[in-house]
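Before any comments, here is the structure.
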Amino acid sequence: MTATQHFGTQLRRRREIAGLSLKALASRVHFDPGHISRIENGRRKPSVDFALRCDAVLGAGGELAALAAGPRSRAAQPPPAATAEMVLRLRPDGQVTLAVGEGVPLPALGMPDLDAAPHEPGLAGVFEQTFALLRRLGQRLPPATVLASVAGQVHALHAVARTGAQRDRYLRLAARHAEYAGWLGQEAGDHRAALWWTDQAERLAAQAGDTDLAAYVWVRRAEMAVYRHDSAQALSAAEQALRRPAAPHVHGLANHRQAQGHALVGASTGCIDALDRAAELLDAGDRGGGTLGSSTIPDLQEATAGWCYLDLGRLDSSAALLERTVAGIPEVSRRARGLFSARLALAHALGGDYDRASEAGHEAMVAVRHTRSATTLSQLHELGRELRRHRQPAARQLHRDLVEVLHGTTPPPAATAAG
């Protein structure tokens with residue numbers, strides 16, 4: 001039996017165990033049923049890409065991909081030592097190389113010429129579905145856990161775009177992934193990584209002609225300035241976003257960053273005016289591609305107003321809006337719930353209601369154990385500083401609980417409402 005026939009036999013066996021018809025498997029891996037039938041009958045050699053997709057759908061744990069790759073000589077693939085480190089290098093041109101131990105190079109994993117082979121119309125859709133999954137994971141897991149996968153997607157998309165097929169669509173997806181990588185860097189407390197990936201997003205957006213993202217990267221820079229309590233930079237970057245053509249939703253988010261910048265220095269009139277402009281723009285209903293800004297906060301206007309009112313000293317209004325914000329965020333969105341719960345706890349603590357501060361603070365502490373969110377941690381550190389000044393039993397107990405959670409954690413910069 002040839003290697004191709006053996007692969008086909010194993011594929012059919014796993015498909016039947018999974019209870020899938022040829023048509024059902026084809027719809028999940030985005031290949032023609034006839035193509036899969038020829039592979040199962042040993043009349044067509046499978047590609048590694050096809051095998052990887054079947055591995056994922058059928059739960060084969062890499063067995064099918066290994067069969068498709070075929071045996072390699074010992075010289076071409078030296079086994080790494082038990083203590084050797086394998087390094088994945090992602091080059092700017094989209095090429096990928098591996099190195100083991102003392103930099104021993106392995107064969108480059110370049111992209112095939114997709115225009116020279118039958119193009120798969122569903123490939124871009126697979127990348128889009130993966131992006132949606134990565135965004136969901138980013139709300140539940142530590143950011144560094146997700147960032148590596150997102151970085152790999154950026155380089156893969158850039159490599160696919162170089163083939164010429166649907167170039168702008170793939171570049172646009174690469175730019176959206178890069179922007180998200182910047183957000184993950186921010187959540188990890190790595191300001192340099194956040195700025196670097198945001199710069200890459202701007203470059204890719206320009207190549208793709210994505211005017212919404214080209215403006216939105218300035219919203220992100222404004223957000224990072226608020227992160228540093230830099231009101232002037234936040235206002236300047238938000239103004240840059242507003243000068244660029246973009247969907248009303250993007251300009252609405254820019255006004256939110258302006259409102260936060262004004263609130264940082266207690267400029268109530270400027271803050272309220274910016275919030276009013278944001279409300280009008282967000283009511284236009286255009287999401288700017290659907291992936292820009294938070295996808296888990298039900299009412300961005302209320303959330304941002306509640307965030308700003310705390311800085312303006314309007315504690316009752318802030319607490320009321322933040323209560324509604326937290327109540328509307330799905331339980332599975334740990335990062336967003338943790339962030340706004342921490343902000344809510346601070347509003348209650350500043351207002352002297354330590355019982356309600358404790359309730360919100362403990363929800364934030366539970367969330368941050370899972371997410372290690374720098375934005376949430378920054379709010380919890382600020383809450384801790386406030387609680388140290390009070391002697392009430394409820395305040396002292398909440399402070400002791402916070403110390404236990406935050407012990408050994410370096411306080412990151414202040415957070416923003418987006419995320």
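Data table
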quantity: Selection within region 276-302 - of a type outside the set (S, T, N, Q) and modelled with pLDDT under 85; calculated: Ala284, Gly285, Asp286, Arg287, Gly288, Gly289, Gly290, Leu292, Gly293
quantity: Region 121-151: number of residues that are modelled with pLDDT of 85 or more and either at positive phi or out of contact with any helix residue (DSSP H, G or I) (no Cβ under 9 Å at 6 or more places or on another chain) (or both); calculated: 5
quantity: Helices (runs of 4 or more DSSP H) wholly inside region 304-390 that include at least 1 residues being of a type in the set (Val, Ile, Thr) and crowded, with 24+ Cβ neighbours inside 10 Å; calculated: 315-328, 354-371, 374-387
quantity: Cβ pairs under 6 Å, 6+ apart, first in region 49-64 and farther than 16 Å from Ile17 by Cα and surrounded by fewer than 21 Cβ atoms within 10 Å (Cβ to Cβ), second of a type in the set (Gly, Ala, Ser) and modelled with pLDDT under 80; calculated: Leu52/Ala65
quantity: Failed criterion for Thr410 (all others in (1) modelled with pLDDT of 90 or more; (2) surrounded by fewer than 16 Cβ atoms within 10 Å (Cβ to Cβ) hold); calculated: (1)
quantity: Neighbours by Cβ (under 8 Å, 6+ apart or cross-chain): first from region 4-22, farther than 13 Å from Ala51 by Cα; second open to solvent by 70 Å² or more (accessible area, probe 1.4 Å) and part of a helix (DSSP H, G or I); calculated: Leu20/Arg28
quantity: Residue check for Arg43: of a type outside the set (Asp, Glu), open to solvent by 80 Å² or more (accessible area, probe 1.4 Å) and closer than 18 Å to Ala124 by Cα; calculated: no
quantity: Any hit, region 339-348, residues being among the aliphatic types (A, V, I, L, M) and under 30 Å from Leu173 (Cα atoms); calculated: yes
quantity: Lone qualifier among Arg176, Arg172, Arg162 - being modelled with pLDDT of 90 or more, touching a Gly at 6+ places or on another chain (Cβ under 9 Å) and open to solvent by 30 Å² or more (accessible area, probe 1.4 Å); calculated: Arg172
quantity: Candidates Ala205, Ala159, filtered to the one that is assigned to a helix (DSSP H, G or I) and out of contact with any helix residue (DSSP H, G or I) (no Cβ under 6 Å at 6 or more places or on another chain); calculated: Ala159
quantity: Index of the failed condition, Thr325 passing every other in (1) out of contact with any Phe, Trp or Tyr (no Cβ under 6 Å at 6 or more places or on another chain); (2) modelled with pLDDT of 95 or more; calculated: (1)
quantity: Counted residues, region 309-339 - those being in contact (Cβ under 8 Å) with a residue 60 or more places away in the chain and among the hydrophobic types (A, V, I, L, M, F, W, C); calculated: 3
quantity: Residues of region 23-48 classified as of a type in the set (S, T, N, Q) and without any contact (Cβ under 8 Å) to a residue 12 or more places away in the chain, total; calculated: 1
quantity: Residues (open to solvent by 30 Å² or more (accessible area, probe 1.4 Å), on the phi < 0 side of the Ramachandran plot and either at pLDDT below 85 or not acidic (Asp, Glu) (or both)) located in region 11-20; calculated: Arg12, Arg13, Arg14, Ile17, Ala18
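Every residue, every condition in (1) of a type in the set (S, T, N, Q); (2) assigned to a helix (DSSP H, G or I); (3) farther than 15 Å from Leu64 by Cβ, yes or no:
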position: Thr4; (1), (2), (3): yes, yes, no
position: Arg28; (1), (2), (3): no, yes, no
position: Gly34; (1), (2), (3): no, yes, yes
position: Arg38; (1), (2), (3): no, yes, yes
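The values are calculated or read from the model by the stated rules, or taken from the named source; none is laboratory data. Please read all numbers here as calculations on a predicted model, not as lab measurements. FYI the Cβ positions are ideal-geometry reconstructions off the backbone, even for glycines, and counts take in every protein chain you see. For accessibility, only protein heavy atoms count, side chains too; no ligands or nucleic acids. Shrake-Rupley method; radii C 1.70, N 1.55, O 1.52, S 1.80 Å.
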